[in-house]
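Before any comments, here is the structure.
The values are calculated or read from the model by the stated rules, or taken from the named source; none is laboratory data. Predicted model only: the values in this text are computed from it and were never measured. For neighbour counting, all protein chains shown are included, and Cβ atoms are generated from backbone atoms with ideal geometry for every residue, glycine included. These accessible areas exclude ligands, DNA and RNA; they are computed on the full protein's heavy atoms, side chains included. Shrake-Rupley method; radii C 1.70, N 1.55, O 1.52, S 1.80 Å.
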Amino acid sequence: MDSITSAASVLAAGLAVGLGAIGPGIGQGSAAQGAVEGIARQPEAEGKIRGTLLLSLAFMEALTIYGLVVALVLLFANPFA
């Protein structure tokens with residue numbers, strides 16, 4: 001693999017992880033904010049809010065893991081090499 005392809009792969013891997021973590025990070029923050037506000041307004045609904053929050057956080061975290069998988073593919077099993 002030549003040096004330009006190698007450098008582009010490393011740069012793309014960094015962007016995949018970085019940009020793949022920004023969206024879910026912002027989403028998790030706003031979801032937690034909404035859950036805290038919801039629990040503060042209706043404490044009796046805490047169980048339902050918590051369950052929905054944890055499920056949505058798991059889905060958001062899966063998006064970050066997809067970015068990590070793309071980065072690892074670019075670094076170790078590069079299809080452009």
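Yes or no, residue by residue, for (1) touching a helix residue (DSSP H, G or I) at 6+ places or on another chain (Cβ under 8 Å); (2) touching a residue at least 40 places away in the same chain (Cβ under 8 Å); (3) open to solvent by less than 40 Å² (accessible area, probe 1.4 Å):
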{"site": "Val10", "(1), (2), (3)": "yes, yes, no"}
{"site": "Ile22", "(1), (2), (3)": "no, no, no"}
{"site": "Glu37", "(1), (2), (3)": "no, no, no"}
{"site": "Arg41", "(1), (2), (3)": "no, no, no"}
{"site": "Glu46", "(1), (2), (3)": "yes, no, no"}
{"site": "Leu63", "(1), (2), (3)": "yes, yes, no"}
{"site": "Val70", "(1), (2), (3)": "yes, yes, no"}
{"site": "Phe80", "(1), (2), (3)": "yes, yes, no"}
Original post:
For the stretch 39-66, which residues satisfy the criterion of being modelled with pLDDT of 90 or more, under 25 Å from Ala16 (Cα atoms) and not hydroxyl-bearing (Ser, Thr, Tyr)?
Top reply: Leu54, Leu55, Leu57, Ala58, Phe59, Met60, Glu61, Ala62, Ile65
Original post:
Say we look at the stretch 48-61 and pick out the residues that are open to solvent by less than 90 Å² (accessible area, probe 1.4 Å) and without any contact (Cβ under 8 Å) to a residue 12 or more places away in the chain; which of these is nearest to Ile4 (Cα to Cα)?
Top reply: Ala58
